[in-house]
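**Q** I am attaching a structure below and will ask some questions about it afterwards.
The values are calculated or read from the model by the stated rules, or taken from the named source; none is laboratory data. Only a predicted model underlies this, so the values are computations on that prediction, with no experimental measurement involved. Glycine also receives a Cβ, built like all others from the backbone with ideal geometry; neighbour counts cover every protein chain displayed. Surface accessibility is based on the protein's heavy atoms, side chains included, excluding ligands, DNA and RNA. Shrake-Rupley method; radii C 1.70, N 1.55, O 1.52, S 1.80 Å.
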Amino acid sequence: MGKVVGVGGVFFRAKDPKGLHAWYVQHLGIPLTDGYTSFEGPEAQGTTAFSFFPEDTKYFGEGTQQAMFNFRVDVLDEVLERITAAGARVDPKQEDYGFGRFAWFWDPEGNRVELWEPSVETAS
């Protein structure tokens, strides 16, 4: 039987799709080719989580956000410095587990985004 083996894409609404994507390119280094992003090679390897949360979860932040991105990053502190310098609102809370470090920020349109730096054991 066939089964899902990872996330094939992440899509969400934006008031200014081109402007928001340009922000992600500039501050998170996410490339854009032909109107979409595709991760090939070593960036695409590693663990991908898929999970459901209760309807009243606060994990996505306050408001009506229905989904949240989790981006795997190589050096969490450097990414946080770059987006903080860009004026992004960053959650002061960070979490550290055996499988990696986590932090959160809100993009220019108010979407809460999770960043994950996998531990060395998890990343390999």
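**Q** Please determine whether any residue of the stretch 81-89 is surrounded by fewer than 16 Cβ atoms within 10 Å (Cβ to Cβ), under 23 Å from residue 15 (Cβ atoms) and of a type in the set (Val, Ile, Thr).
**A** So far as the stretch 81-89 goes, yes, one or more of its residues are surrounded by fewer than 16 Cβ atoms within 10 Å (Cβ to Cβ), under 23 Å from residue 15 (Cβ atoms) and of a type in the set (Val, Ile, Thr).
**Q** I'd like the residue in the stretch 69-114 that is part of a helix (DSSP H, G or I) and in contact with a Phe, Trp or Tyr (Cβ under 9 Å, 6 or more places away or on another chain) and, out of all such residues, is nearest to residue 26 (Cα to Cα).
**A** 83
**Q** Could you tell me which numbered condition residue 117 fails, if it satisfies all but one of (1) in contact with a strand residue (DSSP E or B) (Cβ under 6 Å, 6 or more places away or on another chain); (2) open to solvent by less than 60 Å² (accessible area, probe 1.4 Å); (3) at pLDDT 90 or above; (4) closer than 28 Å to residue 19 by Cβ?
**A** It fails just one condition, (3).
**Q** Next up: Which of the residues belonging to the stretch 68-84 are among the aliphatic types (A, V, I, L, M) and either farther than 16 Å from residue 20 by Cβ or over 13 Å from the mean Cα position of the chain (by Cα) (or both)?
**A** 73, 75, 76, 79, 80
**Q** Still on this structure: Report yes if residue 22 is more than 17 Å from residue 104 (Cα to Cα), open to solvent by less than 80 Å² (accessible area, probe 1.4 Å), modelled with pLDDT of 80 or more and of a type in the set (Gly, Ala, Ser), otherwise no.
**A** yes
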